[in-house]
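Shown next, in structure tokens, is the structure this report addresses.
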Amino acid sequence: METIKIAHLYYDLLNLYGESANILSLKKHFEKNKIKVITHFLSIDDEIDFNRYDIFYLGSGNLETFLIVYADIIKRKKEIKKVFKNKLFIATGNSQIYFGKTFRTLDGKVLPMLDLLDFDSVETDFQIVGESIGKSDKTEPIIGFQNRFSVLKNINEPRFITMEVGTGSTIKDLEEGIFLPYYLGTYMLGPLFIRNPLFTEYIVKQELEKRNIEYIGFHEELATKAYQNYLDNFEK
Amino acid sequence: MILLVINMIMMFQIIVNKFITFICKLFKRNGTVFPGSISYNINQKILGKIRYPKYVIAVTGSSGKGTATNLIAHTLKDHGYDVCYNESDSNGIRAITTLILNNCTIFGKFKHDILLMEIDEKHLHLAFTKNRMSHLVLTNITRDQPVRNGSIDLVYNSIFDTLDKQTTLVINADDPGLKKCEKDHLGTIITYGLARTKDSYIKSDVKHIDYVYCPICRRKLNYSFYHYGHFGNYFCKYCDFGRGNVNYEGTDINLEHKVMKIENHEVKLNEDFLYVAYANVAAYALLKTIGVKEEQIVESFNKPINFKRTIEYNLDNRKFMFLESKNENNLSYYQSLKFITKKEEEKTIVLGFENVSRRYKSNDLSWLWDIEFELLNQNNITDIVCIGKFKYDLANRLDYARIPKKKIHVLEENENLSTYLKNHTTGTIYAMLDFEMTINLQKDLRGENNGNN
């Protein structure tokens, strides 16, 4: 049986609201496709062999936990860079910032980030919070929630969501989220994969294709009804 | 001249507040928020103009503030103190404005010896600038209402921006997120907490807790035990931060018998929730700090107290218990679930909400995934009925918690809940619903809805 290994990085710090649910959702979808899933929960000071894992997930944090993680993840820059384009890194909420070039704090400090993707980020002097609905040509509308202290800028990466409700990566435009074969980052946080079962299917399918494994498919009935109900009610 | 105009505006606001409250009462409307909304909007600095008494006591935090406030008020009234407090659950800036202005002379002098307020943690800074509060009781800060609060660090900053050294803090030291205020607050700090109980955990019973790392040196915290969530006895191996000894500790806690001890006095608990034990020791700490004699406190605590988180009804000779449940606050919701699971009889649970919050329209559902619904995997829970606009989200969460599908029922909009419960479920019924649903269902159970709910 094929096995996929997921590393939930900084699970005990980057878990602003309900984010561990994303691992549950991925696991369920892979398992329904006859893939065995092994999940490891890793954090500060843990030994992490980045070669061992196929998928890395980082949830969102508040500024305090973001900075605690920063001090640790920046020490692993070389190791992450080595594997970055051969794996799938998923970052929801503020953890996207780690993957860009720099992060400028409100007091003017510019912190160097992992420098894996071509964008910078800036701390905002207000919290951006609210429901979000975005359209994407990859899947059905994506529903979610944002709760962030930053914006991206100088973005030279393709974005895949056009916000209909909610804020884009930069506030000034409605484009949001970066989706590459090896990276998915979005300001939508919380149980994103649970709430968007069709999007999760899309991601799982992509991962299986990379491994030349046939996608069997899995229809999550309750999650799909919840998703549809949300959209119906939102439009009312 | 400017001063005269300012005073005239203040008098006008007070008169408007009193007049609208009178009209509300005349038409039997709930006048706890609306009068304050009008007067607050005339000049939002009005509460800074009032001449307050010596004791201005606020109680705030993510949960448990209402219970603690009621207990403090109950004790003070019981012993003849002249106390004014918000008896209704309304605790936002507009309700606080209504309360204060209604209890002032038109010249802005507060008329009672003690002002006691349960106040929303994000509205504290709107009500009070520095130098106003004599005492502030802080129950806890946990993840709660993300739409409004953002995150716990923002709530903390919002509270502490309001304080200066003249305010005596009474804090729950079992919460490391509050204990860290020792480095921020220059005034007196009184601490309280609960000793280990037979139900304490070595490992947290909740997966998603807010303080795993030391808030001072940012290294991993150690716990000798947890009560629930991140509340417990913690210490940092790398710096001197820790819960340590507290000024007031609840000991010998026995929830089954609803008793505990504070300073060796046995006190009764109103209900068998651990948060009630926290409220008791918080109230005790505050009352003793302001000079109420411990014998008086204990005497009042042991009298029947008329506020509860649970209400009982009857459906077809089956007990039907409503539990107040706070959406968006995983620890509060978890306490209610835990309460249910401790009951040994056969039971049915009803879960539902039409809106996540009564305060705003945003419906974030992240919090559902921070709650351990896995607790409900019990043989004596026979059915769980999901209702309301988010019934499928709830059912999906239960499914992920590996609750057997045959136990999960999703009630469609055209089905009557009481009829469904009678025909399809067994055992005692526990309902955790939002405010409107609770009111509507209670009417139904009293036969006031003529079968429509």
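Between B:LYS25, B:LYS49, B:LYS18, the distinction of being out of contact with any helix residue (DSSP H, G or I) (no Cβ under 7 Å at 6 or more places or on another chain) and either of a type outside the set (A, V, I, L, M) or over 30 Å from B:VAL298 (Cα atoms) (or both) belongs to B:LYS25 only.
Within the stretch A:27-42, residues that are within 13 Å of chain B (Cβ to nearest Cβ) and buried (at least 18 other Cβ atoms within 10 Å of the Cβ) sit with their Cβ atoms under 9 Å from residues that are in a loop (DSSP other than H, G, I, E, B) and not aliphatic (A, V, I, L, M), at 6+ positions apart or across chains, in these pairs: A:LYS28/A:PHE218; A:LYS28/A:GLU220; A:HIS29/A:PHE218; A:HIS29/A:GLU220.
Of everything in the stretch B:177-192 that is farther than 16 Å from B:ASN233 by Cβ and in a strand (DSSP E or B), the residue that is nearest to the other protein chains (Cβ to nearest Cβ) is B:ILE189.
The rows are residues; the columns are (1) surrounded by 20 or more Cβ atoms within 10 Å (Cβ to Cβ); (2) closer than 30 Å to B:ASN363 by Cα; (3) among the polar types (S, T, N, Q).
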{"site": "B:ASP153", "(1), (2), (3)": "no, yes, no"}
{"site": "B:ASP175", "(1), (2), (3)": "yes, yes, no"}
{"site": "B:LYS179", "(1), (2), (3)": "yes, no, no"}
{"site": "B:LYS183", "(1), (2), (3)": "no, no, no"}
{"site": "B:THR191", "(1), (2), (3)": "yes, no, yes"}
{"site": "B:LEU194", "(1), (2), (3)": "yes, no, no"}
{"site": "B:LYS203", "(1), (2), (3)": "no, no, no"}
{"site": "B:TYR211", "(1), (2), (3)": "yes, yes, no"}
{"site": "B:CYS214", "(1), (2), (3)": "yes, no, no"}
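Tallying residues that are in contact (Cβ under 8 Å) with a residue 24 or more places away in the chain and assigned to a loop (DSSP other than H, G, I, E, B) within the stretch B:142-176 yields 13.
Candidates B:TYR334, B:TYR278, B:TYR284: the one that is among the aromatic types (Phe, Trp, Tyr) and in contact with a helix residue (DSSP H, G or I) (Cβ under 6 Å, 6 or more places away or on another chain) is B:TYR284.
Here B:PHE231 clears all of (1) out of contact with any helix residue (DSSP H, G or I) (no Cβ under 6 Å at 6 or more places or on another chain); (2) away from chain A (no Cβ under 13 Å); (3) surrounded by fewer than 19 Cβ atoms within 10 Å (Cβ to Cβ) except the condition numbered (3). Criterion applied to A:SER132, A:SER136, A:SER150 was being in contact with a Ser or Thr (Cβ under 9 Å, 6 or more places away or on another chain) and either within 23 Å of A:ASP72 (Cβ to Cβ) or without any contact (Cβ under 8 Å) to a residue 12 or more places away in the chain (or both), and the one residue passing it is A:SER150. Contact map, the stretch B:364-380: first residue among the acidic types (Asp, Glu), second residue part of a loop (DSSP other than H, G, I, E, B) and at pLDDT 95 or above, Cβ cut-off under 6 Å, separation 6 or more or different chains; pairs are B:GLU374/B:ALA401. Selection of the stretch B:38-60 for residues being in a loop (DSSP other than H, G, I, E, B) and either at pLDDT below 95 or within 21 Å of B:ILE15 (Cβ to Cβ) (or both) yields B:ASN43, B:GLN44, B:LYS45, B:LYS49, B:ILE50, B:TYR52. As an exercise: evaluate A:THR102 against (1) away from chain B (no Cβ under 14 Å); (2) under 18 Å from the mean Cα position of the chain (by Cα); (3) among the hydroxyl-bearing types (Ser, Thr, Tyr) and give the number of the one condition it does not meet. Exception for A:THR102: condition (2). Name every residue in the stretch B:193-228 that is touching a strand residue (DSSP E or B) at 6+ places or on another chain (Cβ under 7 Å), in contact (Cβ under 8 Å) with a residue 40 or more places away in the chain and away from chain A (no Cβ under 14 Å), in order of residue number. The answer is B:GLY193, B:LEU194, B:ALA195, B:THR197, B:ASP205, B:HIS227. Tell me, yes or no, whether the stretch B:334-344 has at least one residue that is more than 22 Å from the chain's Cα centre (by Cα) and more than 14 Å from chain A (Cβ to nearest Cβ). Yes, that holds for at least one residue.
Scanning the stretch B:307-323 for residues that are part of a loop (DSSP other than H, G, I, E, B) and in contact (Cβ under 8 Å) with a residue 60 or more places away in the chain turns up B:PHE307, B:ARG309, B:ASP316.
Here's the yes/no breakdown for (1) modelled with pLDDT under 95; (2) under 26 Å from A:THR102 (Cβ atoms); (3) out of contact with any Gly (no Cβ under 7 Å at 6 or more places or on another chain); (4) within 14 Å of chain B (Cβ to nearest Cβ):
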{"residue": "A:VAL151", "(1), (2), (3), (4)": "no, yes, yes, no"}
{"residue": "A:ASN156", "(1), (2), (3), (4)": "no, yes, yes, no"}
{"residue": "A:TYR187", "(1), (2), (3), (4)": "no, yes, no, yes"}
{"residue": "A:PHE199", "(1), (2), (3), (4)": "no, no, yes, no"}
{"residue": "A:ALA223", "(1), (2), (3), (4)": "no, no, yes, yes"}
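If the condition is being surrounded by 15 or more Cβ atoms within 10 Å (Cβ to Cβ) and within 14 Å of chain B (Cβ to nearest Cβ), then the stretch A:109-141 contributes A:GLU123, A:GLN127, A:ILE128, A:VAL129, A:GLY130, A:GLU131, A:SER132, A:ILE133. For A:GLU201, the conditions (1) touching a helix residue (DSSP H, G or I) at 6+ places or on another chain (Cβ under 6 Å); (2) in a helix (DSSP H, G or I) are fulfilled apart from (1). Just one of the numbered conditions (1) within 10 Å of chain B (Cβ to nearest Cβ); (2) free of Cβ contacts under 8 Å to residues at least 40 places away in the same chain; (3) of a type in the set (D, E, K, R) is not true of A:GLU47: (1).
For the stretch A:204-221, filtering for residues that are away from every other protein chain (no Cβ under 14 Å) and touching a residue at least 40 places away in the same chain (Cβ under 8 Å) leaves 8. Checking each residue in the stretch B:81-111 for being outside any helix (DSSP H, G or I) and within 30 Å of B:GLY193 (Cβ to Cβ) picks out B:TYR81, B:VAL83, B:CYS84, B:TYR85, B:ASN86, B:GLU87, B:SER88, B:ASP89, B:SER90, B:ASN91, B:GLY92. Only residues that are at pLDDT 85 or above and either on the phi > 0 side of the Ramachandran plot or among the hydrophobic types (A, V, I, L, M, F, W, C) (or both) were counted in the stretch B:422-452, giving 10. The set of residues in the stretch B:358-375 that are surrounded by fewer than 19 Cβ atoms within 10 Å (Cβ to Cβ) and either more than 14 Å from chain A (Cβ to nearest Cβ) or not aromatic (Phe, Trp, Tyr) (or both) comprises B:ARG358, B:ARG359, B:LYS361, B:SER362, B:GLU372, B:GLU374, B:LEU375.
Taking the condition touching a residue at least 60 places away in the same chain (Cβ under 8 Å), more than 13 Å from chain A (Cβ to nearest Cβ), surrounded by 15 or more Cβ atoms within 10 Å (Cβ to Cβ) and out of contact with any Gly (no Cβ under 6 Å at 6 or more places or on another chain), does B:LEU417 pass? Considered against the rule, which asks whether it is touching a residue at least 60 places away in the same chain (Cβ under 8 Å), more than 13 Å from chain A (Cβ to nearest Cβ), surrounded by 15 or more Cβ atoms within 10 Å (Cβ to Cβ) and out of contact with any Gly (no Cβ under 6 Å at 6 or more places or on another chain), B:LEU417 comes out as yes. Checked against the criterion of being within 14 Å of chain A (Cβ to nearest Cβ) and either within 14 Å of B:ALA283 (Cα to Cα) or in contact (Cβ under 8 Å) with a residue 12 or more places away in the chain (or both), the stretch B:69-87 has no qualifying residue.
The values are calculated or read from the model by the stated rules, or taken from the named source; none is laboratory data. Note that the coordinates shown come from a computational prediction; the quantities given were computed from them, not determined experimentally. Positions of Cβ are backbone-derived with ideal geometry, glycine not excepted, and every protein chain shown enters the neighbour counts.
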